[in-house]
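Comments concern the structure below.
The values are calculated or read from the model by the stated rules, or taken from the named source; none is laboratory data. This is a predicted model, so every value here is computed, not measured. Here the Cβ positions follow ideal geometry from the backbone for every residue, glycine too, while neighbour counts run over all protein chains shown. What goes into the accessible areas is simple: the full protein's heavy atoms, side chains included, and nothing from ligands, DNA or RNA. Shrake-Rupley method; radii C 1.70, N 1.55, O 1.52, S 1.80 Å.
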Amino acid sequence: MGQWREKDEGKGRRAVKLITQIALIAVTALFCVNYLGYQVKMEGRSMEPTVLQDSTLLVNRTAISYFAPSRFDIIVFEGKDGSVQDGESEAQRGRLYTKYVVGLPGETVQIKEGSVWINGQELNADAYWGTVSLAGLAEDPIVLADDEFFVMGANTGSSEDSRFSTVGNVKRQQIIGTAWFFFHSVTDMGFL
């Protein structure tokens, strides 16, 4: 009878140890997601085919505190300063956007002949989007300030981005972080 008690106590200890480990993993995951990362639901089709509508993005918030985004990073940022701008609806205030970084601080961006030009050089962006049919504000050269980025969606025909006054140039303090992983379905997920 003593053997059975020892076996039952061993099972009980193992169960407590397993539950403790699972709880520790869950707390660590919650900490990472809530304090180091950010989870965003992709709305709209502006980043298709790179990121599909209704995908969940995991965003690295900590790296942006130490490093500026690089060209072609996918960033998540807040709309302008929270006040309603001309031509902007109340719903757009505080809205989150997901776009590619195209122009970096201090650069001159222009869209001409269906292509993006940076400092007078055509940007090789065939892997990110095709011909840009609408130049918008970038029809004329745009000089970015030391804290500004020019952003565009992958689906340039259906993207509200820096080409339009409702988004404009994105200031560094608007950026929440860089997207690094997406999940759309069990068969459609991966690193960005």
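Quick notes
- Heavy-atom surface of region 138-187, accessible at 1.4 Å and reported per residue (Å²): 44
- Per residue, the convex hull spanned by the Cα atoms of region 106-158 measures out at 79 cubic angstrom.
- For the residue pairs K99/K171; K80/K112; K41/K99, the C-alpha atoms sit more than 21 angstrom apart in K80/K112.
- Dividing the radius of gyration of the alpha carbons in region 116-192 by their Kirkwood radius gives 1.00 for Rg/Rh.
- The GluC sites (Glu not before Pro) of region 95-124 that DSSP puts in a loop, and whose beta carbon has at most 11 other beta carbons within 10 Å, are E113.
- Shape parameters for region 147-192, alpha-carbon atoms, Rg then Dmax in Å: 13.4, 38
- Length added when fully stretched, A68-M189, from 0.36 nm per residue minus Cα-Cα: 41.0 nm
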